[in-house]
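Have a look at the structure below, then the notes.
The values are calculated or read from the model by the stated rules, or taken from the named source; none is laboratory data. None of these values were measured; they are calculated from a predicted model. Here the Cβ is made from the backbone with ideal geometry for all residues, glycine too, and neighbour counts use every protein chain on show. In case anyone asks, the SASA skips ligands and DNA or RNA and just uses the protein heavy atoms, side chains included. Shrake-Rupley method; radii C 1.70, N 1.55, O 1.52, S 1.80 Å.
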Amino acid sequence: MTLARRIIPCLDTDGARVVKGVQFIGLRDAGEPAELAARYNREGADELVVLDIAASRDRRPTFLETIRRVAEQLTIPLTAGGGVGTVVDGRAILRAGADKLAVNTAAVRRPELIEELSREFGAQAVVLAIDARRVGGPQANRWEVIVRGGRETTGRDTVTWAQEGVERGAGEILLTSMDRDGTRSGFDCALTAAVSGVVSVPVIASGGADKPEDFLAVFAEGRADAALAASIFHDNVHRMAELKQFLALRGVPIRLSS
Amino acid sequence: MNAVEVTLIDYGAGNLSSVERALRLLGAETRRADAPAVLASSRAIVLPGVGHFGALMRTLEERNLLAPLREAIRGGVPFLGICLGLQALYDSSEEDLSHSGLGILPGSVQPLPKTAKLPHMGWNQLRRLRPGILLRDVSENAYFYFAHSYAAIGADSAAVAVCDHGVPFVAALEQKSVFAVQFHPEKSGAAGAKVLANFVEFARRESLAGDPVK
């Protein structure tokens with residue numbers, strides 16, 4: 001009886017369509033959110049994340065409609081985020097059918113937002129998403145927090161920010177390596193372990209997934225509670241069931257039946 | 001087969017629409033209760049719950065749902081509590097001692113120990129204590145989705161299954177027509193749907209048995 005490690009497909013959207021790109025640049029269309037959601041739900045995904053990476057105010061109603069259509073397809077939990085800056089934004093996303101909110105840039109700008117959301121909806125509904133970029137060379141094991149979808153550095157240390165986020169009431173950390181994102185060169189296990197080792201909440205590793213071995217590594221070395229990927233699932237590089245079977249055979253606690 | 005109408009307590013919980021959708025997929029009819037009159041005529045009641053114990057109890061009180069709900073449960077109307085809806089059945093919760101629970105079950109809900117990662121979030125398995133109705137025909141190995149930091153710790157006499165996260169806690173309970181689960185069946189794939197179906201089937205039979213015309 002162990003808490004299973006989770007495999008989480010992520011739908012990056014422009015509000016309406018799933019898009020993809022390398023390190024948040026050069027986006028191209030990758031499909032219809034509700035269709036992909038239905039497929040992942042059927043194939044045994046443990047959870048789904050849907051993000052509005054454009055997060056522009058005028059596209060907000062479109063994104064809420066996307067969440068509604070995605071949620072209708074699911075019998076698993078849904079996390080949604082992109083442009084959540086207030087409790088009102090958060091409530092709209094939860095009302096549309098999400099179980100959890102992901103906050104990123106707005107929380108860096110105004111960290112009290114995490115407390116406000118956690119007080120209103122409970123820590124279990126607040127996911128602090130952190131985009132981290134390595135600084136000081138490959139041996140330094142220091143990562144800086146990046147915001148606005150990779151366009152702006154903040155000078156904040158990722159590990160310190162994750163700890164602060166948890167103290168303020170985040171119930172989960174969604175940790176993306178900006179160095180690995182979209183590169184298919186494996187998760188940044190050192191980054192994941194650095195955060196997972198110091199926070200008391202689950203950590204979702206993201207960025208760089210390619211081979212089944214990458215998932216095994218991020219659960220073992222990275223001490224991740226969950227692993228997130230987008231393109232390898234959208235492009236059918238790996239079937240969900242085969243990936244889960246691979247991990248289960250190697251002793252990772254995994255939910256196999258739907 | 002007569003469909004049973006399930007009354008969902010609407011106190012603003014985030015998971016209300018997911019529970020509603022899951023029940024409808026099973027062929028149940030649903031209606032939302034945000035006023036006491038609706039509760040009085042209910043044949044089955046579901047209390048979905050997400051969030052804070054105090055906020056739930058306060059809202060039930062403000063909407064005048066607390067006394068009629070307690071009365072309906074005590075009167076034997078089939079009841080299913082989900083997540084916070086399980087915790088509400090107890091006398092109190094250490095999450096907020098300024099509000100009393102429904103007091104259907106004795107004891108206080110407690111925080112899970114900080115030795116494990118909190119919230120207890122994700123898919124976990126159950127350990128069965130005794131056969132029951134909710135988990136009938138559900139595989140012993142099935143996983144269910146949990147998202148909580150408080151729990152009915154230990155195993156009281158109503159428990160049919162426990163889960164473990166630092167300590168054992170009540171994952172599913174049954175006492176006559178009172179049912180509750182700490183996990184989210186509406187988010188637990190096929191295994192969760194089966195749990196909801198078992199409750200709906202129980203409510204349907206009770207409804208037929210209680211109606212001499214049928």
For chain B, set up a Gaussian network in which alpha carbons nearer than 10 Å are linked by springs, and say which option among B:Ala158, B:Ala191, B:Ala67 fluctuates the most. B:Ala67
On the Cα set of the range A:173-258, report Rg and Dmax in Å, please. 12.2, 34
By the DSSP-based rule, helices of chain B that are at least 18 Å long along the axis (C-alpha) and have a mean Kyte score of at least 0.0 are B:189-209
How large, in percent, is the carbon and sulfur part of the accessible surface of the protein assembly as shown at a probe radius of 1.4 Å? 49 percent
What helix-only [θ] at 222 nm does chain B give? Using -39500 (n - 2.57) per DSSP H run of at least 4, over all residues, to the nearest 500, the answer is -8000 deg cm²/dmol
Residue-span extension gain [B:Ser98 to B:Leu26] - 0.36 nm each, minus C-alpha spacing: 22.1 nm
Tail beyond 24 Å, pair distance distribution of the range A:105-226 (Cα, percent): 22 percent
Over the range A:5-136, what is the relative contact order in percent, taking alpha-carbon pairs closer than 8 angstrom and at least six residues apart? 19 percent
Relative contact order of chain B, pairs being alpha-carbon contacts under 8 Å that are 6 or more residues apart, as %: 19 percent
q = 0.24 Å⁻¹: log10 I(q)/I(0) that the Debye formula gives for the range B:121-183, counting C-alpha atoms only: -1.03
The protein assembly as shown - share of DSSP beta bridges that are antiparallel (%, nearest 5): 40 percent
Could you tell me what a quarter of the Cα convex hull surface of the range B:91-196 works out to, in nm² with one decimal place? 6.5 nm²
Using the alpha-carbon centroid of each, what span in Å lies between the range B:81-109 and the range A:37-57? 34 Å
Determine the per residue accessible area of the range B:5-209 with all protein chains present and a 1.4 angstrom probe, expressed in square angstrom. 37 Å²
With a 1.4 Å probe on protein heavy atoms only, work out how much accessible surface A and B bury together, total over both chains, in Å² to the nearest 100. 2400 Å²
Quick one: divide the alpha-carbon radius of gyration of the range B:1-141 by 2.2 N^0.38 Å and tell me what you get. 1.09
When only C-alpha pairs under 8 Å and at least 6 residues apart count, what is the relative contact order of chain A, in percent? 18 percent
Apply the Kirkwood formula to the range A:6-249: the hydrodynamic radius equals the inverse of the mean of 1/r over all pairs of different alpha-carbon atoms; give it in Å with one decimal. 17.5 Å
Stretched fully, the stretch from A:Gln163 through A:Val237 gains (0.36 nm per residue minus C-alpha distance, one decimal, in nm) 23.2 nm
Please report the Cα spread of the range A:82-176 along all three principal axes, rounded to whole Å, starting with the longest. 44, 25, 20
Under 19 Å from the Cα of B:Lys114 - aspartates and glutamates, other chains or at least 8 residues apart: A:Glu164, A:Glu167, A:Glu172, A:Asp225, B:Glu94, B:Glu95, B:Asp96, B:Asp164
Enumerate the lysines that B:Lys194 could reach by cross-link, defined here as Cα to Cα under 29 Å, with residues fewer than 8 away along the same chain left out. A:Lys100, A:Lys244, B:Lys117, B:Lys176, B:Lys214
Report the Stokes-Einstein translational diffusion coefficient (µm² s⁻¹, integer) for the range A:1-123, Rh taken as the Kirkwood radius over Cα pairs, at 10 °C with viscosity 1.306 mPa s. 107 µm²/s
Measuring from label point to label point, each 7 Å out along Cα→Cβ, what is the B:Ala40 to A:Gln139 span in nm? 7.9 nm
Which whole-angstrom value gives the distance between the alpha carbon centres of the range B:34-61 and the range B:163-206? 18 Å
Using the alpha-carbon centroid of each, what span in Å lies between the range A:160-187 and the range A:201-258? 16 Å
Through the Karplus equation 6.51 cos²θ - 1.76 cosθ + 1.60, θ set to phi - 60°, convert the phi angles of the range A:102-116 into ³J(HN,Hα) values in whole Hz; use x for Gly and Pro. 9, 10, 9, 4, 4, 6, 5, 5, 9, x, 4, 3, 4, 4, 4
Note: A:122-134 gets an average of partner chain Cβ contacts (10 Å, Cβ to Cβ) equal to 3
dims of the protein assembly as shown, Cα set, principal axes, largest to smallest, nearest Å -> 75, 43, 42
Which one of B:Asn198, A:Thr86, A:Val218 is farthest out on the positive end of the charge dipole of the protein assembly as shown, using unit charges on Cβ (Lys, Arg +1; Asp, Glu -1) and the Cα centre as origin? B:Asn198
